[in-house]
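**Q** Pasting in a structure now, in structure tokens, and then I'll have a few things to ask.
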Amino acid sequence: MAFVQSSGTTHSPFRQAADPAADGAFRAADLRRLDEAIRDARHASTAPASELLAPLRPDGTAAALTERECTFDHCAVLLFPVTLEAGLRHLEERGLAPLPTVPSTVVRARLSTRHRLDPARCEVHITRLRLRLPDGRRHAAVEVFLFPRDSEGFDERVAAAESAYGFENHTAFVVDRPSAPLLGRLVVTAWHTEAGLLWEGGGHNPHEGGPQGSTVTYFVRDHRRPARRRRFELHCAGDLRAAVAGLPRPAEAVRRAYEAWPAAPDHPDA
């Protein structure tokens, strides 16, 4: 299966078809993937970094540095409710306490590139689900991207592909005491060299993380080092874009990583 993220070319065998099992706000496949993300988030909140970033040596630099400097923040999943309102109502009725939604410009852009969609016609929203975690925290540990099926740009082939491959699924960490040197060590020395993660880029969000905003960096696993968890994020309070400004983005390696992505419709990644 080849989805070319960098060029926007899409090759997909999925055809538009009705889901006879569709009922309520979410289809059965979405409900399974939501439950998987919730289970993964609860587990990740207490799991060692060497397991979350596996395969890694538990005594290696990447595991030790991540354990010492970072805290698990969230797992993420992309879902397709019949409408935004129905999806949020379903989450509320399950007691998942969804936070107020905001538009997701990043995921909208990624979907538009991957599936050759008009981003102006794609309505993608973000909410967070507050969970009681095994470590005692009540934390917004699941990030849910919602692409409603009544959106003008929705296409059944997009939902089929994204549900099967889980391209937007990721595991995110927060850097507890962020600094430019530390972010550089995590991105280049630990996560890339030892963990086999490719830097996809990042940016600064002035609306999250306090008065200085926050910096987010994105990673995908090199296809030559397969593992269940394939995408990761690092979140840092403040504007630390300068720490990675000169870091080259390996576009061709990133493209190959997504092209080699195996489908797992019965066990989606998170």
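The values are calculated or read from the model by the stated rules, or taken from the named source; none is laboratory data. What you see is a predicted model; the values in this text were computed from it and never measured. Cβ atoms come from the backbone with ideal geometry, glycine included; neighbour counts cover every protein chain shown.
**Q** Among the residues of region 215-254, which ones are in a helix (DSSP H, G or I) and crowded, with 19+ Cβ neighbours inside 10 Å?
**A** Ala243, Val254 - these are the residues of region 215-254 that are in a helix (DSSP H, G or I) and crowded, with 19+ Cβ neighbours inside 10 Å.
**Q** Is it the case that Glu252 is among the acidic types (Asp, Glu) and under 23 Å from Leu56 (Cβ atoms)?
**A** No.
**Q** Is there a residue being touching a residue at least 60 places away in the same chain (Cβ under 8 Å), surrounded by fewer than 22 Cβ atoms within 10 Å (Cβ to Cβ), assigned to a loop (DSSP other than H, G, I, E, B) and hydroxyl-bearing (Ser, Thr, Tyr) anywhere in region 179-202?
**A** For region 179-202, residues touching a residue at least 60 places away in the same chain (Cβ under 8 Å), surrounded by fewer than 22 Cβ atoms within 10 Å (Cβ to Cβ), assigned to a loop (DSSP other than H, G, I, E, B) and hydroxyl-bearing (Ser, Thr, Tyr): present.
**Q** Now for a different question. Has region 154-168 got at least one residue that is under 24 Å from Val216 (Cβ atoms) and assigned to a strand (DSSP E or B)?
**A** No: region 154-168 contains no residue that is under 24 Å from Val216 (Cβ atoms) and assigned to a strand (DSSP E or B).
**Q** Do you know which residues across region 255-264 are part of a loop (DSSP other than H, G, I, E, B) and either modelled with pLDDT of 90 or more or surrounded by fewer than 19 Cβ atoms within 10 Å (Cβ to Cβ) (or both)?
**A** Passing the criteria: Ala260, Pro262, Ala263, Ala264.
**Q** Let me ask you something else. Could you please give the count of residues in region 142-173 that are under 17 Å from Ala44 (Cα atoms) and modelled with pLDDT under 95?
**A** Of the residues in that region, 0 qualify.
**Q** Which residues, taken from region 212-239, are acidic (Asp, Glu) and either within 13 Å of Trp261 (Cβ to Cβ) or within 12 Å of the chain's Cα centre (by Cα) (or both)?
**A** Listed by number, the residues that qualify are Asp222, Glu233.
**Q** Mind listing just one residue for me: the one in region 203-214 that is at pLDDT below 90 and assigned to a strand (DSSP E or B) and, of those, surrounded by the fewest Cβ atoms within 10 Å (Cβ to Cβ)?
**A** Of everything passing the filter in region 203-214, Gly203 is surrounded by the fewest Cβ atoms within 10 Å (Cβ to Cβ).
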